[in-house]
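The values are calculated or read from the model by the stated rules, or taken from the named source; none is laboratory data. What you see is a predicted model; the values in this text were computed from it and never measured. Virtual Cβ from ideal backbone geometry, glycine too; neighbours counted across all protein chains shown. Just the protein is used for accessible areas: all its heavy atoms, side chains included, with ligands, DNA and RNA removed. Shrake-Rupley method; radii C 1.70, N 1.55, O 1.52, S 1.80 Å.
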Amino acid sequence: MARDNAFAAIDIGSTKIATLVGNVSERGQLRVVGVGVTPSAGVEKGQISDIAKAVEAIRSAVEKAERSSGTRIVSAGVGIAGTHLSSFNNRGIVAIPDQSGAISADDMHRVIDAGRNVSLKTNREMLHALPRYFVVDGQDQVTDPVGMHGQRLDVEMHIVTCGLNAMQNLVKCVESAGVQVDAVIATPVASAAVTLRPEEMREGVVLVDIGGGTTDIVVYQDGALQHTASLPVGGLNVTRDLVVGLRCPQNVAEEAKAAHGHALASEVTGAEEISLSTFGHESERTVPRRLLAEIVQARIEEILSMVMVEVKRGAHAEMASAGLVISGGCAEVEGMARLADRVVGLPARIGQVEEVYGLVDHVSGPAYAATLGLLHWLAEGQVPRRQTVRMRATPTLGVGAVVRRIGQVGRVFLPQ
């Protein structure tokens, strides 16, 4: 496929910033044709904390993706995460004027507009308005009402909102890095769309994306999105616990977690030891691997307990028959799924993105589920957007203009 049919996605996380360039083949397959990953800077718990540092990190990731793909990235879809994300469900209702005829596509769009019409505080911005299901004359769980006969049409909508200031800061950083923002997408929702299986959504499932600074939660019940939330804890909390418990620098703790971490201390024998560079007069010392595992397990158990409290706040946890799907960098810790099974009492598995081709070896694994989810979301056309990768430069919009346009394009519409 020609390069001018490509699109780009930027995932700005607390530990890494990833830029992907992709396109859709003639067979409808999503292909990754460019990858740029750089350590995060100026981002804390999913939100911008230092604009200058964040801009440089974003620019570096974009340049790497441009060199990898051979394509100039002028605009992209950008993921947004953080504890400022919130969600609620809302119902829209319309009357069918022609009672002798069938429900039309116009009627469906009218009711969706009604369901999207909500009053938000001045510091909130709507990201997505997602139809959960329709109701025709009291018959609920209708997925497509077009062609059915009825006098009243309802729609149950899932509304995802974000902090306006958080979004403005994010847009400003991306724009300052030389990339125009075509759409802002909630990364938990995009991640869920590619890591969860249809049967899991139908039977009830919880996606738990444990990133560096936050843990994102998405709950599906009866095939529809029920609840979206984010917690201010993540993999960095595990690393900092190791810094305190093992008395070692943070980079050493991060490497030890990745290489020797285990979510179930009972599966680690007491005889195993690892060498670490530590603080103090001893430049290096050995510690039991079981001690490392005990520290990791304690924090992950706490995170999973917090997840279930949030799930119960927004949905019926007992209806999650398919259990938990865990993604994010922490999902790569050995024994994670088995620990989740024990702590939560529900089946658990590690979530990865399937049916993506191209340079996937660079972004495989649960740590990149959110990034691939953003790319897939754009590929599916679920966010109205202009072409997000262009071969020629275009004037860069001011921050105010970008934010105003995001208010228009950052919502989800059903296809005409």
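Based on alpha carbons, the Rg and Dmax found for the range 203-260 are 15.4, 47 Å. Here the peptides 148-154, 13-19 are ranked by packing, the mean other Cβ count within 10 Å, and the order with the highest first is 13-19, 148-154. Of the residues 78, 146, 363, the one whose Cα sits farthest toward the positive end of the charge dipole of the chain, with +1 on the Cβ of Lys and Arg and -1 on the Cβ of Asp and Glu, is 78. No solvent, one uniform scatterer per C-alpha: report log10 I(q)/I(0) for the range 268-322 via the Debye equation at q = 0.17, 0.20 1/Å, two decimals. For the range 268-322, the Cα-only Debye profile gives -0.69, -0.78.
Tell me the carbon and sulfur percent of the accessible area for the chain, rounded to whole percent, probe radius 1.4 Å.
Using a 1.4 Å probe with all protein chains present, the chain comes out at 48 percent carbon and sulfur.
Give the calculated FRET efficiency between residue 247 and residue 122 to the nearest 0.05, with a Förster radius of 35 Å applied to their Cβ-Cβ distance.
Values: r = 47 Å, r/R0 = 1.35.
Working from the Cβ atoms, E equals 0.15.
With the charge dipole of the chain set up from +1 on Lys and Arg Cβ and -1 on Asp and Glu Cβ about the Cα centre, the Cα lying farthest toward the positive end among the listed residues 166, 51, 340 is that of 51.
Please list 125, 302 in order of solvent-accessible area, largest first, computed with a 1.4 Å probe with all protein chains present.
Sorted descending by solvent-accessible area, the residues read 302, 125.
Across the range 101-255, counting alpha-carbon atoms alone, Rg and Dmax equal 20.5, 73 Å. Both radii are taken from the alpha-carbon atoms of the range 35-86; with Rh as the Kirkwood radius, Rg/Rh is 1.02. Between the residues 229, 188, 268, the greatest Cα displacement towards the positive end of the dipole of the range 174-283, with unit charges on the Cβ of Lys, Arg, Asp and Glu, is found for 229.
The order of the peptides 272-282, 188-198, 322-332 by mean Cβ neighbours within 10 Å, most packed first, is 322-332, 188-198, 272-282.
Accessible area of residue 53 (1.4 Å probe, protein heavy atoms only, ligands and nucleic acids ignored): about 120 Å².
Please list the three semi-axes, largest first and in whole Å, of the ellipsoid equivalent to the range 259-387, using sqrt of 5 times the eigenvalues of its alpha carbon gyration tensor.
For the range 259-387, the semi-axes come out at 33, 22, 13 Å.
Per residue, the accessible area of the chain comes to 42 Å², computed with a 1.4 Å probe over protein heavy atoms only.
Computed from label points 7 Å out along Cα-Cβ, the spacing between residue 312 and residue 151 is 4.4 nm.
Between residue 51 and residue 357, the distance separating the two model label sites (each 7 Å from Cα on the Cα→Cβ line) works out to 4.3 nm. Computed about the Cα centre, the dipole magnitude for the chain is approximately 1200 debye when only Lys and Arg (+1) and Asp and Glu (-1) carry charge, each at its Cβ. In plain terms, the chain from residue 25 to residue 105 could stretch by 25.9 nm, reckoned as 0.36 nm per residue minus the Cα-Cα distance.
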